Amino acid sequence: MSRVTVVGAGVVGLSVAHELAGAGHEVRIVAAREAVDSVSGVAAAIWFPHDVDHSAAVLDSAAVTYRRLAGLAADPRTGVHLRRGTVLSRRAGADTSWTRAVPHTEPVGPDGLPAGASGIRCTVPLVETNTYLRWLRDTVTRLGVGVRTAEFASIGDVLRADDADVLVVAAGLRSAALLGDDDVSFPIRGQVVRLANPGLTDWITDDDNPGGLTYVVPRRDDVVCGGTGDVGSWDERPDPEVEAAILRRVTELVPALAGQPVRSRAAGLRPGRSGVRLEAVTGHDRPVFACYGHGGAGFTLSWGDAARVAAMVP
């Protein structure tokens, strides 16, 4: 077994550390931010392969994660729930390949849908991010994984400061800069506003909304309303005008949200890339593996890609 350092403590980094420790490796995590302070803490965290290609490998990892999260939903400490909802589409030929990773889906009749829209109903895992990320961090700690906060400029700096046998770079958007060999990664800015929950349980996503990306994800104590998909923006500050537009779209889609008080607001940078990078990285004095570029699907692919990393590490 190897001594492995995982760079990154978001949902992907924590999941990778969990699977490596479970396989018998000696694991530690080093990260610039704690998970709840990363983009993982901003996410609506509903299972769906969003802002990522729907390749066979991605859908396989999504299916693995679906099953893992569905199992965790039986434990209230995890903050995972199985919830019914609707994926709307407003254009012909919409990509529905994701449905093969879900045990059961069904079409929605036109009643109650926006004019010209179609819908697919399904049950998927929904993650209460703060609860889940703290549970996952506590779980990896109990497996003997050490977690420390530190920021590095490059993978070379990490290698010089660390005596691990193997490094896994799973630092989300920071991964490309750390490795220095990737010019196809980019930020995708997402903004959300969290409203008081008036009793909603069903979620809805409307990627084709003419006003912009729209989703409503009810959690136990609030409703995550979004959103944006601003490719290339590095701005992590919530924009009041963008928030007002989000509120207009979500209340039009779900009128029960009108007038609900704002509980919190946030913006974060999804790690966009031309495709998920999950591979060995050559040119270093010891094995280095990359696991990043998950777009808006970090929670959706986390367990499946963590298992792939664990299978690669010697």
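The values are calculated or read from the model by the stated rules, or taken from the named source; none is laboratory data. Because the structure is a prediction, the values reported are computed rather than measured. For neighbour counting, all protein chains shown are included, and Cβ atoms are generated from backbone atoms with ideal geometry for every residue, glycine included. Each accessible area value is taken on the protein alone, full model and side chains, heavy atoms only, with ligands, DNA and RNA left out. Shrake-Rupley method; radii C 1.70, N 1.55, O 1.52, S 1.80 Å.
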- request: Just need a number here: residues in segment 206-229 that are without any contact (Cβ under 8 Å) to a residue 60 or more places away in the chain and open to solvent by 60 Å² or more (accessible area, probe 1.4 Å).
  value: 1
message: Show me the strands (runs of 3 or more DSSP E) entirely contained within segment 151-220 in which 2 or more residues are over 24 Å from residue 12 (Cα atoms).
response: 185-196, 203-206
message: With the structure loaded, tell me whether residue 309 is surrounded by 13 or more Cβ atoms within 10 Å (Cβ to Cβ) and assigned to a helix (DSSP H, G or I) or whether it fails that test.
response: yes
query: Mind checking which residues of segment 65-82 are open to solvent by 40 Å² or more (accessible area, probe 1.4 Å) and in contact with a Lys or Arg (Cβ under 9 Å, 6 or more places away or on another chain)?
result: 81
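So that you can scan it fast, the table gives a plain yes or no per residue for (1) within 21 Å of residue 301 (Cα to Cα); (2) assigned to a loop (DSSP other than H, G, I, E, B):
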{"residue": "20", "(1), (2)": "yes, no"}
{"residue": "33", "(1), (2)": "yes, yes"}
{"residue": "53", "(1), (2)": "yes, yes"}
{"residue": "62", "(1), (2)": "yes, no"}
{"residue": "70", "(1), (2)": "yes, no"}
{"residue": "81", "(1), (2)": "yes, no"}
{"residue": "98", "(1), (2)": "yes, no"}
{"residue": "103", "(1), (2)": "yes, yes"}
{"residue": "106", "(1), (2)": "no, no"}
- request: Specify which of the listed residues (6, 87, 27) is touching a Leu at 6+ places or on another chain (Cβ under 6 Å), buried (at least 23 other Cβ atoms within 10 Å of the Cβ) and assigned to a strand (DSSP E or B).
  value: 27
message: Take the conditions out of contact with any Lys or Arg (no Cβ under 6 Å at 6 or more places or on another chain), open to solvent by less than 40 Å² (accessible area, probe 1.4 Å), under 22 Å from residue 53 (Cα atoms) and not acidic (Asp, Glu) and apply them to residue 99. Does it pass?
response: yes
- prompt: Identify, please: which residue in segment 108-142 is charged (D, E, K, R) and surrounded by 14 or more Cβ atoms within 10 Å (Cβ to Cβ) and is, among those, farthest from residue 90 (Cα to Cα)?
  reply: 137
- line: Flagged in segment 40-57 as open to solvent by less than 60 Å² (accessible area, probe 1.4 Å) and farther than 30 Å from residue 238 by Cα, in numbering order, are 55, 57
- prompt: Assuming residue 176 fulfils every condition listed in (1) among the small types (Gly, Ala, Ser); (2) at pLDDT 95 or above; (3) open to solvent by 20 Å² or more (accessible area, probe 1.4 Å) apart from one, which condition is it?
  reply: (3)
field: Filter result for the condition that a residue is out of contact with any strand residue (DSSP E or B) (no Cβ under 7 Å at 6 or more places or on another chain) and under 26 Å from residue 88 (Cβ atoms), over 229, 283, 298, 272
entry: 298
query: If you go through segment 279-294 one residue at a time, how many are surrounded by 14 or more Cβ atoms within 10 Å (Cβ to Cβ) and either of a type in the set (S, T, N, Q) or free of Cβ contacts under 8 Å to residues at least 60 places away in the same chain (or both)?
result: 0
query: Name the pairs whose Cβ atoms lie under 8 Å apart, with the first residue in segment 115-138 and farther than 20 Å from residue 206 by Cβ and of a type in the set (Phe, Trp, Tyr), the second part of a helix (DSSP H, G or I) and open to solvent by 60 Å² or more (accessible area, probe 1.4 Å), and 6 or more positions between them or separate chains?
result: 135/77
- prompt: For residues in segment 230-257 being assigned to a loop (DSSP other than H, G, I, E, B), open to solvent by 50 Å² or more (accessible area, probe 1.4 Å) and out of contact with any Pro (no Cβ under 6 Å at 6 or more places or on another chain), which is farthest from residue 295 (Cα to Cα)?
  reply: 239
